[in-house]
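Here is the structure we will look at.
The values are calculated or read from the model by the stated rules, or taken from the named source; none is laboratory data. These numbers were taken from a predicted model, which means no experiment stands behind them. Cβ sites come from the backbone with ideal geometry, for glycine too, and all protein chains shown count toward neighbours. The accessibility values were calculated without ligands, DNA or RNA, using every heavy atom of the protein model including side chains. Shrake-Rupley method; radii C 1.70, N 1.55, O 1.52, S 1.80 Å.
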Amino acid sequence: MKLLILNGPNLNLLGLREPDIYGKRSYNDLVAYLNDCAKELGTEIEVIQSNHEGVLVDTIQAAYGVFDGIVINPAAYTHTSVAILDALKAVSIPAVEVHLSAVSEREAFRQISYAGMACEKTFAGYGFDGYRMAMEHLVHKLK
Ligand code: DQA
């Protein structure tokens, strides 16, 4: 089983960006955490981060036939990108949405999630643990 973990814009600045919201741990810490989770769950992962919407769309398209599941934190593109929603629908790979912060308790403009409309589940507000929950969901479903 192979999972794609896809992270959107500004997540590369974890640790630096608004640490009161996103925590003090860095993006490298997140990648290390994801690799540990993958080992525990006995699954292969590839972790990709991009600040560019088109790269995220290309990466989702390229996942077809390669990955069994997608864990996606589209970051700010969550709230704007019909293109990411359409790409997830096009490949039809089981996907789970993750947000580090509790988006439902934040600004009005964060209350819509386009990508979420193509995801079977959303884990928001659990910090790094949300990614583990998403991976667990996919591993149990796909086994
Ligand atoms: C985020 C929430 C988004 O609203 C925001 O734009 C991000 C990060 C999160 O992980 O909490 O960049 O996706």
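If you count, for each residue, the other Cβ atoms within 10 Å and average over each peptide, how do 128-139, 102-113 line up from highest to lowest?
Averaged packing, sorted descending, gives the order 128-139, 102-113.
Restricting to DSSP H runs of at least four residues, report the calculated mean residue ellipticity at 222 nm for the chain, -39500 (n - 2.57) per run over all residues, nearest 500 deg cm²/dmol.
-11000 deg cm²/dmol
With an 8 Å Cα cut-off and a minimum separation of 6 or more residues, compute the relative contact order for segment 2-142 in percent.
Over segment 2-142, the number comes to 27 percent.
Using a 7 Å offset from the Cα along the Cα-to-Cβ direction at both ASN28 and MET117, what is the distance between the two label points in nm, to one decimal?
Reported label-point gap for ASN28 and MET117 is 4.0 nm.
About its Cα centre, how strong a charge dipole does the chain have in debye, to the nearest 20, once Lys and Arg get +1 and Asp and Glu get -1 at the Cβ?
Here the size comes out at about 120 debye.
For the chain, which whole-number percentage of the solvent-accessible area (1.4 Å probe, protein heavy atoms only) is attributable to carbon and sulfur atoms?
Solvent-exposed carbon and sulfur of the chain make up 50 percent of the total.
Find the lysine pairs in the chain meeting two conditions, Cα atoms under 16 Å apart and a separation of 8 or more places or different chains, and report how many there are.
Pairs that pass both the separation and distance tests number 6.
Under a 1.4 Å probe, what is the accessible area of the chain per residue, stated in Å²?
About 49 Å² of surface per residue is accessible.
Would you list the P(r) distribution for segment 2-142, with all Cα-Cα distances sorted into 5 Å bins from 0 and each bin expressed as a whole %?
2, 11, 22, 26, 22, 13, 4, 0
Quote to one decimal, in nm, the extra length available between GLN61 and ASN35 on full extension: 0.36 nm per residue of separation minus the C-alpha distance between them.
7.0 nm
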